[in-house]
Amino acid sequence: MADLLHVAGLARSTFYYQCQVIQRVDQQSVMETRICAVYDEHEGRYGYRRIMAALCNSMDEPVNHKCVQRLMQKMGLRALIRAKNRSRYVTGQTDVHVPNVLGRDFCATASNQKWANDFTEFNVNGQKLYLPACMDLYNGEIVAHSMARRPVFELVCSTLQTALSRNKCSAKLIVHSDQGWHYKMQPYRAMLEQRGVQQSMSRKGSCFDNAVIGSFFGTPKAEYYHLEKIEGINLLEAGVHDCIRYYNHERIKLGLKGLSPEEYRFRNPV
């Protein structure tokens, strides 16, 4: 070895350093091949953390996540990026903080004390139908609803107007909703203020804060939408209207002593 170093004109330290460099390059090449194999096997769904875990499982030896991340960046490999839910700003929408006054207290002792508003959609053959509804938490009755092919603000606004015009609202009425942009619009909030109604909003990202009316939307979907072969959007709209009428007038609820929401309201006037 000494003669070889003398002939090559290399210092011993330089020779062994170059050997280590070659060894590291070979190890890196092997690691890049393994990373590409895992990445391709899972069709780009894995990021560096999952690839590291997969390599550790297959090699039975620890793999440094920073090494995997660095090599993936070098090779231009990235995990598939999930679409992010971005907040949508609409002209007229206010950024005023509305507290969660309802606080998941879904019980009411009389009609028109607490209402819950929400919005859902249906899809038939690529056509969508949007349904906002307003529920009285006293008996679960849908006091107003409307439908349209587009989720415009006027759809939610007209639903609230109908609910307010049909009912004698108490001075302490609370109208609750999620943080959808429709419910943040200034005309919507002004309509509540003019009637002396207190607005309440769920916390951001907490579906349980408005779970009662969210559960209601599951009823027409489970008992009609998913059972029937609906040919067109017009038939869907008529069917949803019938479902809501049936829900209010005929469909009994065990929590209402075996009565429908309307029957319960008539038999228990407050």
(message) Around Ser158, under 14 Å between beta carbons, what's the net of Lys plus Arg minus Asp minus Glu among the other residues?
(response) +1
(request) Name the residues whose placed amide hydrogens come within less than 5 Å of the amide hydrogen of Ala148, ignoring near sequence neighbours (fewer than 5 apart) on the same chain. (result) Tyr130
(request) May I ask you to derive the FRET efficiency for Ala53 and Lys74 from their Cβ-Cβ distance with R0 = 25 Å, giving the value to the nearest 0.05? (result) 0.80
(message) Per 0.36 nm of contour for each residue apart, how much would the distance between Gln194 and Glu32 grow if the chain were fully extended, relative to their Cα-Cα spacing?
(response) 51.7 nm
(message) Could you tell me the calculated FRET efficiency between Glu223 and His42, based on Cβ-Cβ distance and R0 = 45 angstrom, to the nearest 0.05?
(response) 0.70
(request) Could you give the size of the charge dipole of region 114-267 about its Cα centre, using +1 on the Cβ of each K and R and -1 on the Cβ of each D and E, expressed in debye and rounded to the nearest 20? (result) 480
(request) Return the sequence-ordered ³J(HN,Hα) values of region 185-192 in whole Hz as given by the Karplus equation 6.51 cos²θ - 1.76 cosθ + 1.60 applied to θ = phi - 60°, using x for Gly and Pro. (result) 5, 4, x, 5, 5, 5, 4, 5
(message) Given axes a ≥ b ≥ c from the Cα gyration tensor, I'd like to know whether region 170-221 is rounded (a/c under 1.5), prolate (a/b larger than b/c) or oblate.
(response) prolate
(request) Hey, can you grab everything whose amide H is under 5 Å from the amide H of Val124? Only 5+ residues off in sequence or another chain; H modelled, so Pro and N-termini drop out. (result) Leu129
(message) Just to be sure I understand the model, the point goes 7 Å from the Cα along the line to the Cβ. What's the resulting Cys207 to Phe153 distance in nm?
(response) 2.7
(request) For region 114-267, just say rounded, prolate or oblate: build the C-alpha gyration tensor, square-root its eigenvalues into a ≥ b ≥ c, call rounded for a/c under 1.5, and beyond that prolate if a/b exceeds b/c, oblate if not. (result) oblate
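Every number in this text was worked out from the coordinates using simple rules, so none of it is lab data. All values derive from a computational prediction rather than experimental measurement. When we count neighbours, we look across all protein chains shown, and the Cβ atoms used for this are built from the backbone with ideal geometry, even at glycine.
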